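What follows is a single structure, written as structure tokens, with notes after it.
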Amino acid sequence: MNTLISRRTSLQALTLTAGSLLTQPLDLFAEQQPAPKKLGIALVGLGNYATNQLAPALLETQHCYLAGIVTGSPEKAKTWAEKYNIPAKNIYNYQTFDQIRNNPDIDIIYVVLPNFLHAEYTIRAAQAGKHVICEKPMAMNANEARQMITACEKAGVQLSVGYRLYFEPHHLEMRRLVAAKEFGQVKVIESALGFTVPGPNSWRLDKKIGGGGAIMDLGVYAIQGARRTLNLDPINVTAQAFTYDKEHFKDVHEMVFWQFEFPGGTIADCRTTYSSYVDRLYVTCERWGWFKLEPAYNATGAQGVTSKGPMDVPSPHYQQIAQMDAFVQSIRTKTKPEASGEEGWKDMKLIGAILQAAETGRKIQIDWQS
């Protein structure tokens, strides 16, 4: 009882103190620092993701805003300028891109181009002195990803990969449940994402442009679902690849299945496909407990449940809001972003190991030192 009274008395005193501060002359607060200005982001590439996810999210971010665009389409340039009130001096095409170095309105360049252009425009953005967010997959391979990291380090700019789910509440709750061991030690993880690719002429089916089909486009999410939930990196992988529709899948795999082994003995059973729908992250533990997200990776929102009941976590309107605001904070504090270039490099290295395992039929050890 005395403890409750003490707490209540303390709260009353604190409330009175705060109230009295509000009645003091305004000059007591004259030395407070103004809120830092929002950083300007330029989107490079105005396809579906930039149009329907990133641009709307930038209307709701607290620490950054849509300052400029880079597009090869005069029609898109006109439409976006009118819709988002973008001044002509902040609109570039691919021939004038490097002039962006002279524009103080633009602090961050967000590369939202087809995969084969990620490295080129990330490096050029860094050389222009701009911080960079590169959409996933980070690169065409791990070596290319390392070149991007080196270029940003040399230029003294921050590099992040567009991993929206690093900040999504359901995925953070999955990590918390594992760390807290609420259901005991994790034994098996199932992580899968797939959908039917839109048409045989999609650039994602061209290996020279997309880099490898579903494993590059969607497999990144399945990989992260496993390793981010556990907060561990795998030590080896086995894999199988299948292609039945050889008319559409000429030089990329139609579907890829793989199995990660993690330190401590947890196994992740993962899959990705371009010929059917799946969107699931499931964790089972030693105490007959489980928790899952289904859907797990969709940009329109996740849904979670555990063996104890539904997950009581919020669903953000746009997952990219927290992602982009977090990057601005890492720039201001000069700390490594949560979704850093090294995180992107890890995923590219794992994709390479998965494909090697599928093509050779061997278990591939992951050497994180090379």
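The values are calculated or read from the model by the stated rules, or taken from the named source; none is laboratory data. Computed from a prediction, not measured in an experiment: that's the story for all the values here. When we count neighbours, we look across all protein chains shown, and the Cβ atoms used for this are built from the backbone with ideal geometry, even at glycine.
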- request: Run down Asp251, Asp269, Asp245 and say which single residue is in a strand (DSSP E or B) and closer than 19 Å to Glu359 by Cα.
  value: Asp269
- prompt: What do you reckon, is Thr300 under 26 Å from Thr196 (Cα atoms) and at pLDDT below 95?
  reply: yes
message: Tell me yes or no: at least one residue of segment 46-59 is part of a strand (DSSP E or B), surrounded by 12 or more Cβ atoms within 10 Å (Cβ to Cβ) and assigned by TED's automatic domain parsing to the domain that holds Tyr110.
response: no
message: For segment 227-245, check the following and say yes or no: at least one residue is crowded, with 23+ Cβ neighbours inside 10 Å and aromatic (Phe, Trp, Tyr).
response: no
field: Whichever residue in segment 81-135 is part of a helix (DSSP H, G or I) and among the acidic types (Asp, Glu) and, among such residues, is farthest from Gly212 (Cα to Cα)
entry: Glu82
message: Suppose we filter Tyr277, Tyr282 for residues that are surrounded by fewer than 22 Cβ atoms within 10 Å (Cβ to Cβ), touching a residue at least 12 places away in the same chain (Cβ under 8 Å) and within 14 Å of Phe195 (Cα to Cα); which single one remains?
response: Tyr277
task: Within segment 322-347, track down each residue that is over 20 Å from Met174 (Cα atoms) and hydrophobic (A, V, I, L, M, F, W, C).
output: Met324, Phe327, Val328, Ile331, Trp345
- prompt: Before we move on, is Ala296 in contact (Cβ under 8 Å) with a residue 12 or more places away in the chain, within 30 Å of Lys154 (Cα to Cα) and either under 18 Å from the mean Cα position of the chain (by Cα) or not assigned by TED's automatic domain parsing to the domain that holds Lys187 (or both)?
  reply: no
message: Would you confirm, using the coordinates I've provided, whether Gln62 is more than 17 Å from Ile109 (Cβ to Cβ), outside any helix (DSSP H, G or I) and either at pLDDT 95 or above or touching a Phe, Trp or Tyr at 6+ places or on another chain (Cβ under 7 Å) (or both)?
response: yes
task: Specify the residue that is farthest from the chain's Cα centre (by Cα); the eligible residues are those in segment 323-358 that are among the small types (Gly, Ala, Ser) and outside any helix (DSSP H, G or I).
output: Ser340
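Rundown of residues vs (1) surrounded by 14 or more Cβ atoms within 10 Å (Cβ to Cβ); (2) out of contact with any helix residue (DSSP H, G or I) (no Cβ under 7 Å at 6 or more places or on another chain); (3) not assigned by TED's automatic domain parsing to the domain that holds Val186, yes/no style:
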{"site": "Thr300", "(1), (2), (3)": "no, yes, no"}
{"site": "Val305", "(1), (2), (3)": "no, yes, no"}
{"site": "Lys308", "(1), (2), (3)": "no, yes, no"}
{"site": "Met311", "(1), (2), (3)": "yes, no, no"}
{"site": "Gln323", "(1), (2), (3)": "yes, no, yes"}
{"site": "Phe327", "(1), (2), (3)": "yes, yes, yes"}
{"site": "Thr333", "(1), (2), (3)": "no, yes, yes"}
query: Out of the residues in segment 118-157 that are among the β-branched types (Val, Ile, Thr) and in contact with a strand residue (DSSP E or B) (Cβ under 8 Å, 6 or more places away or on another chain), which is nearest to Ala326 (Cα to Cα)?
result: Ile133
